[in-house]
Structure formats: C-alpha cells, structure tokens
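First up is the structure itself, then whatever we jot down about it.
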Amino acid sequence: MAVKAKARSVQREEIADSPGRAQREGGQVLEMQRRRLLLAYAEVFAEHSLQGASVDRICKRAGVSRRTFYDLFIDREACFLAAFELAVERIAEEIIPAYMGEEANRAAQGTRRAQSTQRAQAWRERMRAALTRLLELFDSEPDLARLCVVETLKAGPAVLQRRRTLLDTLVVAIDEGRREGKGTPPPPLTAEGIVGGVVSVIHTRLVGGGTEPLVTLVNPLMSMIVHPYLGPAAASRELEHTAPAAVSPARNGHLPTRVQDPFKDLPIRLTFRTARVLAVIAAEPGASNRGIADAAGVSDQGQISKLLRRLATHDLIENHSQGHTEGEPNAWTLTQRGHAIQHALEPAS
C-alpha cells in the first residue's frame, strides 16, 4: 500500500509539473536544433565562404526546416553572429590561460623581485604566450581563423560591432605596456595602431594563401608590440627569441574546426528523452538500465531497455558488462560518436 501511495504521489507531482516540464523539454529540443544549425553552418561556411552559406544550404546540411531556422535566428547574420560567438569562446579557452598562466604561477610561488622588472617581464611573457597560442590555434584550425579575421569584415553591423568590442579588449591588454616603459610614453593611439597592424598582417597571410605557418610571425609581431613601450633593445631581443615550432592540426587533442557534423546521417530522431539518457551515461559511465532510467526520469523499464538497444544499434553507446551473464546488470558508456553528440547537445553555458 505504501509503495502504491508513493507511486500515486509521484504521478501527481509529475502531472502538476507537466507545463514546466514541457517548457523545459521544448527549450532543450530547440537548443539541439540550434547546435545542429551552428555545426552545419561551420561546415557550409568552410566549403562556400560567408556569401555561399545560404539558409537553404545550412538547413539542408543540418536536416532542419527553414521554419525552425527562423524560429531560432532572425536572419542569416544572426546565425553568423552565433557562430562567431562560439569561435570567440573557443579562442578564449586557449589564450586566456596562456595570458594569465605565468603571472598566476609567480603569485603561487611567491617570487619576489623588483616590482618594475617583474611587471615588465610579466607583460612581455604574457603577451608572447597569448600570441603564440593564438597563432598556433589559427594554424591548426584555419576555418576558425578565416571566420574571425577575414569573413567578419564582410558581415553586417551586429557582427562588426562585436568584432570592434573584441579588438578594444586587445587594445587594453596591449596598452598595459605603457606602465612598463621608461622615458617619454608613447602616443595615446599606440595600442590601437598595434592591434590594427597585427590583425592586418594576419589577415594578409590568410587571404594570400601562403604556406608558412602563422606561428612563424610570433617574433616579428612581438617586436612590433613591445617597441613603442620598451624601446628598440627590447624589440631586438624579441626578434632574437627562440621561435616556436609549428604544430600539427590535432595539437593538444583539438581537431580542426571543420569536422563532420556528428548528427549527419544519424538514422534516429534525437528527442529530449534521448538527450537526457545520453547526458546520464556521460555523467555516470557504467550505469545500469535501472540507474539510467531513475536518473533520466523514465519510469517504464521496457521503454528504457528499448531506447538503450536503439542507441547501441546506432553506435552511440556500448555495453561494458562482463560476459553478459544472466542477471548481471548492463554497464553502458558512450561511444566516440555518442560523446560528440552529447557534447553538441550540452546547454550553452
């Protein structure tokens, strides 16, 4: 009786919460569609450039209707802006730790030096680390580089404004060198001119079709950056600095931006319930049928078994239980493709 009463109570709670739950599920389905469109946009953009990335091509590649596209994006420029934001997040993940790393290490180690010397070295080293990582990333992900440096100049006002905001952030970072120099400080627009020059050099290399890796520009660009603040001697030292080696496209385990859409040719429809099951398996590798059902909120064991079999058939999950002896619980984990899809379905932070 107690079990039946508890079951009725849970059922009443689910019914009472059904409007909110439906709204949440609908929101996640839209997020799935949005991620699919952005993945498709990256693929189409890489093949046809900005002008050729039409709504029809994007929708066809994503397997999403035009109506859904316009439910999510006002127009094609809004889709491009969203793709640009994802690219900016990707860059920030790389260069912010590089820019902050050396300074944070010094703070942790409690190193004490003359304050002016420490600041000057910290600024130069942080700028070099960030610039090196940016150019390495652009070498390994050329489509990302073209999107951010070249194609944004062809976009509409919203993208251009976002680009301007990002460049202003770089201006502030470079102008920290003003505190390090001795003698007459450089003119007020120095940092803005440096940023414009650096971006122009990278832009020229990207559209020129040369074979030299961008990372070979680190020393001359660093010389250009420090010269107005620290003088010609410091600029010469930057030119003589040990040059970073070129990197392969899969450096640090990152694949190039132009990767195949993990949803492409997937023969099953990804529903909110499917996404929830994949998320549970990602969070709890080795979970059993019952454990997944409980965590995903699926009360029918027959339904969860059927869904798991379908996901396994289409190579999204695999069973790692030992020997599959009778009565032994399954132990589900995501496959490589399952991980790619789960990552694409994760809510944007």
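The values are calculated or read from the model by the stated rules, or taken from the named source; none is laboratory data. Here the structure is a predicted model, which means the values were calculated and not measured. A quick note on method: Cβ atoms are made from the backbone with ideal geometry, for glycine too, and the neighbour counts reach across all protein chains shown.
Does THR325 qualify as being modelled with pLDDT under 85 and farther than 25 Å from ARG36 by Cβ? Don't jump to the end; show me each part of the working.
Numbers: modelled with pLDDT under 85: yes; farther than 25 Å from ARG36 by Cβ: yes.
Yes: the conditions hold for THR325.
Is it the case that the stretch 137-158 has a residue that's of a type outside the set (D, E, K, R) and under 18 Å from TRP123 (Cβ atoms)? Steps first, answer last, please.
We begin by selecting, within the stretch 137-158, every residue of a type outside the set (D, E, K, R); these are 137-138, 140, 142, 144-145, 147-150, 152-153, 155-158.
With under 18 Å from TRP123 (Cβ atoms) added as a condition, the list becomes none.
No.
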